[in-house]
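A quick write-up on the structure given underneath.
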Amino acid sequence: MKVAVIGCGTIANAAHIPSYMNNPKVEIKYFCDILPHKAQAAVEKYGCGTAITDYHVALNDPEIAAVSVCTPNNMHATIAIDAMRAGKDVLSEKPAARTYKEAEEMLKVQRETGRILNIGVVNRFNDNVNAIKRYIDSGKLGEVFHVYVSFRAHRSIPGLGGAFTTKAIAGGGALIDWGVHYLDIVMYCLGDPKPVTVTGEAFCKLGKDMKNYVYRSMWAEDTKDLNGTYDVDDSVTGMIRTEGPVITFNGAWAQNINESETYIDFMGDKGGIRLTYGSTFKVYTAENGTLVEYVPEVKSRDHFQNEIDAFVNDIETREKLPSHIETVIVTAKMMQAIYDSAEAHREIVL
Ligand SMILES: NC(=O)c1ccc[n+]([C@@H]2O[C@H](COP(=O)([O-])OP(=O)(O)OC[C@H]3O[C@@H](n4cnc5c(N)ncnc54)[C@H](O)[C@@H]3O)[C@@H](O)[C@H]2O)c1
């Protein structure tokens, strides 16, 4: 099975390409990047494929079955739609798109073409997250009535002035970049309950004065362009009422508190779970009249490998994976409502 990787930056090199390379069913035929040196570097590093700068070359090749879209957010919808219309199956990175409207267009074309469109909500393939889902489904936490989400870091804005901090490219900041993963984990573990109302506030404060911003870390590949743009949320807060539990959240790429608090608390009437993001989780409950807490042992495999293997398998089986656009689009809807609520300073009824 031949595939193309479109966008050869951080996530392509950290996850998609090595995971495809580990899958014996797949051959990467094209590495595509608008920057020719990045596509060429991948060809040399992985010892296969052809470097291209225009993704249409891959879409016009009948040998290509599927593509990974690993570009900045502004190109997700365009490339995924072009690829599906060219008869290719697609795994497109998170967030689905910059806006809910773009995500709806992606879903529409997915339905029209019948191609696979999975979004890179990789935590749905994380073994610890799946173990939490099983705990909740089995009723061990009782009624889960509140989930608290924290994705807060101390002065850690990515690529100041670049693609991540430019709304026209990224669609938003801390919420759309980090929050998307957290909200997606919550929705997945809760069985995707329908959101009912959303209230949010988003702040663009710490990175605004780019020249004087002092930071702890600045991740992202093409870091720092102080003549660029900074017009996204560096912190966000809010509440989502669903037909099931209430979700409250605080997120920050940057805050003036020197703590990184990245976890999700699932609070049930019989027990609770704290998932430390990207790591293990702890269960809190009472058994035989005693308070107990424990970290379950979960055999875990790299979640990106799980995600890519599931996608490759899906190209053959054509089953609907949990990362299907039809399922995960609700997160795009919630994030849009958070941004809309923040702009209007009032609650949005969905
Ligand atoms: N799943 C995850 O945990 C995770 C982690 C990091 C990034 N991401 C997502 O992956 C995407 C890429 O992020 P990144 O950190 O790898 O960014 P990056 O800037 O490191 O890489 C993006 C690459 O895409 C290229 N590109 C831009 N437009 C293109 C086009 N039209 N055709 C071909 N190539 C193009 C750029 O030149 C760049 O090399 C983002 O949407 C981001 O949200 C997901």
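Just a few scattered comments:
- Diffusion coefficient, µm² s⁻¹, Stokes-Einstein with Kirkwood Rh over alpha-carbon pairs of region 97-170 at 4 °C and 1.567 mPa s: 78 µm²/s
- Debye log10 I(q)/I(0) at q = 0.13 Å⁻¹ for region 162-272, Cα point scatterers: -0.57
- Most tightly packed first, judged by the mean number of other beta-carbon atoms within 10 Å of their residues, the peptides 334-342, 310-318 read 334-342, 310-318.
- Relative contact order for the chain, counting Cα pairs under 8 Å that sit 6 or more residues apart, in percent: 20 percent
- Sequence-ordered 3J(HN,Hα) estimates for region 252-266 from the Karplus curve with 6.51, -1.76 and 1.60 and θ = phi - 60° stand at 7, 6, 8, 8, 8, 10, 7, 9, 9, 10, 10, 7, 10, 9, 9 Hz, glycine and proline given as x.
- Taking every lysine pair in region 1-135 that is 8 or more places apart or spans two chains, those with Cα atoms closer than 18 Å amount to 9.
- If you wrap the Cα atoms of the chain in a convex hull and average its projected area over all directions, you get 18.0 nm².
- FRET E, pair Glu259, Asp127, Förster distance 45 Å, beta-carbon r, rounded to 0.05: 0.95
- Seen from all directions on average, region 3-148 presents a Cα convex hull projection of 10.6 nm².
- Peptide packing for 95-101, 47-53 was compared via the average number of neighbouring C-beta atoms within 10 Å per residue; ordered from the highest value, the list is 95-101, 47-53.
- Most to least packed among 140-146, 282-288 [average Cβ atoms within 10 Å]: 140-146, 282-288
- Region 22-99 versus region 113-150: alpha-carbon centroid distance in Å: 28 Å
- Gyration tensor verdict on region 35-100 (Cα atoms; rounded if a/c is under 1.5, prolate if a/b is larger than b/c, oblate otherwise): oblate
- Amide H partners (placed H, <5 Å) of Asn23, local residues excluded: none
- The share of alpha-carbon pairs in region 210-344 lying farther apart than 21 Å comes to 67%.
- Alpha-carbon Rg with Dmax, taken over region 10-49, Å: 9.7, 28
- Convex hull (Cα only) mean projected area of region 239-313, reported in nm² to one decimal: 8.6 nm²
- Efficiency of FRET from Cβ geometry, Glu297 and Met218, R₀ 41 Å, rounded to 0.05: 0.70
- Values of log10 I(q)/I(0), in the order q = 0.24, 0.25, 0.30 Å⁻¹, for region 152-192 under a Debye, Cα-only, solvent-free model: -0.80, -0.83, -0.98
Throughout, read-outs are computed from the coordinates displayed, never taken from laboratory work. Only a predicted model underlies this, so the values are computations on that prediction, with no experimental measurement involved. Cβ sites come from the backbone with ideal geometry, for glycine too, and all protein chains shown count toward neighbours.
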